[in-house]
Amino acid sequence: MTERKPAGVSFESWVDKQIREAEQRGDFSQLPGFGKPLPDIDRPYDETWWIKAKMQREGVSMLPPALALRKEAEDTRAAVSEARSEAEVRRMLTEVNEKIEAAIRRPPPGPLLNMRPFDIDAVVEAWRGERGPA
């Protein structure tokens, strides 16, 4: 469809002609999803549907900063059991504690953080207990 609209022809009729010719050539019959129902057709209209779909396809999640920090803290706590050394456990906890302390000093927008920094020594002791005697 690289040809230009001829002078004197209304834009709408020119576009209609282009569509009709493409249909006759079968250009639309090989499109992905041809003959299938539209996904989410029964859902209420959402102006940002395409942003949400793109984020879902890309595996991106957008949480308020406080909730993202809570999630990071939970993930870190769960990852501690997989740590190979005490130094790794301490490094992981120290990193997330620094973020928690910064958020306590200057609360991010959104829901309340409601968190305290991890007691690193207590978590390390529990990590040692999980691993059993060396």
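The values are calculated or read from the model by the stated rules, or taken from the named source; none is laboratory data. Keep in mind it's a predicted model, so treat the numbers as computed, not measured. Cβ sites come from the backbone with ideal geometry, for glycine too, and all protein chains shown count toward neighbours. Ligands, DNA and RNA are excluded from the accessible area calculation, which covers all protein heavy atoms including side chains. Shrake-Rupley method; radii C 1.70, N 1.55, O 1.52, S 1.80 Å.
Just one of Asp16, Asp75 is out of contact with any Lys or Arg (no Cβ under 8 Å at 6 or more places or on another chain), within 22 Å of Val123 (Cα to Cα) and in a helix (DSSP H, G or I); which is it?
Asp75
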What residue, among those in the stretch 15-42 that are of a type in the set (S, T, N, Q) and open to solvent by 100 Å² or more (accessible area, probe 1.4 Å), is farthest from the chain's Cα centre (by Cα)? Gln24
Are there any pairs with C-beta distances below 8 angstrom linking a residue in the stretch 109-134 that is hydrophobic (A, V, I, L, M, F, W, C) to a residue that is in a loop (DSSP other than H, G, I, E, B) and open to solvent by less than 50 Å² (accessible area, probe 1.4 Å), with the two at least 6 apart or on different chains, and if so which? Trp127/Ala83
Please determine, by comparing only the residues of the stretch 85-134 that are within 24 Å of the chain's Cα centre (by Cα), in a loop (DSSP other than H, G, I, E, B) and of a type in the set (A, V, I, L, M, F, W, C), which one is surrounded by the fewest Cβ atoms within 10 Å (Cβ to Cβ). Leu112
Options Glu82, Glu72, Glu58, Glu12: the member that is under 30 Å from Pro109 (Cα atoms) and open to solvent by 100 Å² or more (accessible area, probe 1.4 Å): Glu58
Restricting attention to the stretch 40-54, does a residue exist that is closer than 30 Å to Val123 by Cα, among the polar types (S, T, N, Q) and assigned to a loop (DSSP other than H, G, I, E, B)? no
Yes or no: the stretch 46-67 includes at least one residue that is aromatic (Phe, Trp, Tyr), on the phi < 0 side of the Ramachandran plot and at pLDDT 80 or above. yes
Only residues that are among the charged types (D, E, K, R) and open to solvent by 100 Å² or more (accessible area, probe 1.4 Å): list them for the stretch 43-54, please. Arg43, Glu47, Lys52
